[in-house]
Amino acid sequence: MNNNSNPDLEMLSVPISYSVDAYISEDYARAERDKLWRKVWLQAGREEDIPHVGDFITFEIKDDSVILLRTAEDQISAYHNACPHRGRRLVDVPTGARNAKGHRKQFVCGFHGWRFDKDGNNTHIPHVEDWQGVLTPECTSLSKVNVGTWGGWIWINLDPDCEPLERYLDPVPEMLTPFELQNMRYRWRKWGVFNCNWKVAMEAFNETYHVQTTHPEFNQYGAFRGWAKSHGLHSNIGYERPKDMDANQAAKLRISDSAADPRIATAEMQNYTWTKANTNTTETLVKAANRLVDELPEGTPGDKVLQHWLASARADDATRGVIWPSVDPEHVGKSGTAWQVFPNFQIGHAVNNMLCYSARPYGDDPNKCIFEAAVYELFPKDGVPKTEWEFCPPTEEAWCYVLSQDFSNMEAVQQGMKSAGFRGPQPNPYMERSTANLHNNLAKYMGTGKPQIIKK
């Protein structure tokens, strides 16, 4: 499916609604396996997860398990995690773990001992003569999965006839490659099983309309009115910036547009974000913000505060070997706050950190999902923290206060969707166009659920 054109773009600019089946129907959830998950490119891991030849991780999506294996310093291969003999998985995911990982020179089936090299070739079959010479490399090698890389992530597609990754992602690479996301590393990464559909989980973060109500503490720092734009399969969101303010204001690095002293308000907002969200900022940015009252005179206008703050933090990081990419402010503004990569990955980018979300089905249960979030940051080469995927329940203690505010909506939305009195979602045509775009594209894959214009 080519995403370079979207005949429904005009429709997404007007009020629409759509069925709740995509959230609560068991039949819909089962159909997603063949119609959606086996047809799209999926973010399956980071390149740094498998740094050495022979390193591997697995990726699980409904009934499918995929082995991602570094087969050369500059090459990653992907195989279905199933022995071609009797179907036994070659790699078992440990109980309670997000995925399996390790290092192997070969894969040996634990059932009957068939062996496979790093290129997926079968190297040993016990008593092979019993097959009377009919076994061929085509029927005894591992089944390959299409794999590609961009932005530091490993992407897979289970469809043998899929379009190239570059075409599928367009225009995301054009907009985000300048941010050099491949150079960032995990600061933390967490996952859990949540009581909502995977779409409910993604839609808790793919728009800014909820900020003033779900996160009221941020209202003191300005009017967080946002926008959303559709780009074929994908979409992006951002904030309207104050008049005459640097275009960086449309991205993560914001200062207050309502406080009397933007120096103080910027520091307060950064400290709150660092302690209550643990996302969307860095220790360097926080420290630079806390110095603003000492480095700038009272009455400094907001645009000058922003420019000084960023320049100061950039210089601080440079002294410890952390080099930010230089991205034109106009491009920063155009790129917005985050990109939603269809169907289930969000990249919340900035020049020195990012926050990413993803969600997947939990079996065929439409009322549960596997939710994941990770914060990435630029680190000096000798200062990258060692992290693992941490299983966390959806609580403030496990995830921090701000994310727990978002989580409080998820299960309640899933329950409300089932109400006999609920007539169907009605997303904001300006601020929640990303949600409408998701369902518009889901309908193309699923063959049902196309959004309908709400008539006056």
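The values are calculated or read from the model by the stated rules, or taken from the named source; none is laboratory data. The model shown is predicted, which means the values in this text are computed figures rather than measured ones. Note that we place each Cβ from the backbone using ideal geometry, even for glycine, and neighbour counts take in every protein chain shown.
What the table below lists for this structure:
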quantity: The listed residue being touching an Asp or Glu at 6+ places or on another chain (Cβ under 8 Å) and of a type in the set (S, T, N, Q), out of Thr284, Thr300, Thr279, Thr273; calculated: Thr284
quantity: Ala82 being part of a strand (DSSP E or B) and crowded, with 16+ Cβ neighbours inside 10 Å; calculated: no
quantity: Number of positions in the range 248-297 that are among the basic types (Lys, Arg), part of a loop (DSSP other than H, G, I, E, B) and at pLDDT below 95; calculated: 2
quantity: Yes/no for Phe407 being out of contact with any Leu (no Cβ under 7 Å at 6 or more places or on another chain), at pLDDT 95 or above and part of a loop (DSSP other than H, G, I, E, B); calculated: no
quantity: Count - residues of the range 13-22 that are part of a helix (DSSP H, G or I) and surrounded by 22 or more Cβ atoms within 10 Å (Cβ to Cβ); calculated: 1
quantity: Unmet requirement for Thr395, which otherwise passes all of (1) out of contact with any Lys or Arg (no Cβ under 9 Å at 6 or more places or on another chain); (2) more than 22 Å from Asn206 (Cβ to Cβ); (3) buried (at least 22 other Cβ atoms within 10 Å of the Cβ); calculated: (3)
quantity: Criterion violated by Gln414 - all others in (1) in contact (Cβ under 8 Å) with a residue 40 or more places away in the chain; (2) in a helix (DSSP H, G or I); (3) of a type outside the set (Ser, Thr, Tyr); (4) surrounded by fewer than 16 Cβ atoms within 10 Å (Cβ to Cβ) satisfied; calculated: (4)
quantity: Residue check for Phe379: among the aromatic types (Phe, Trp, Tyr), touching a residue at least 40 places away in the same chain (Cβ under 8 Å) and in a loop (DSSP other than H, G, I, E, B); calculated: yes
quantity: Residue match in the range 26-48 (condition: over 21 Å from Val341 (Cα atoms) and in a loop (DSSP other than H, G, I, E, B)); calculated: no
quantity: Of all residues making up the range 308-361, the number that are touching a Phe, Trp or Tyr at 6+ places or on another chain (Cβ under 8 Å) and of a type in the set (Ser, Thr, Tyr); calculated: 4
quantity: Residue within the range 340-353 that is among the aromatic types (Phe, Trp, Tyr) and farther than 27 Å from Leu36 by Cβ present; calculated: no
quantity: Helices (runs of 4 or more DSSP H) completely within the range 127-237 that count 1 or more residues being buried (at least 20 other Cβ atoms within 10 Å of the Cβ) and not polar (S, T, N, Q); calculated: 165-169, 172-176, 198-203
quantity: Top-ranked residue in the range 85-122 [being assigned to a strand (DSSP E or B) and exposed (fewer than 14 other Cβ atoms within 10 Å of the Cβ); ranked as nearest to the chain's Cα centre (by Cα)]; calculated: Gly102
quantity: Residue satisfying all of: in the range 57-66; of a type outside the set (Phe, Trp, Tyr) and under 20 Å from the mean Cα position of the chain (by Cα); surrounded by the most Cβ atoms within 10 Å (Cβ to Cβ) among these; calculated: Val66
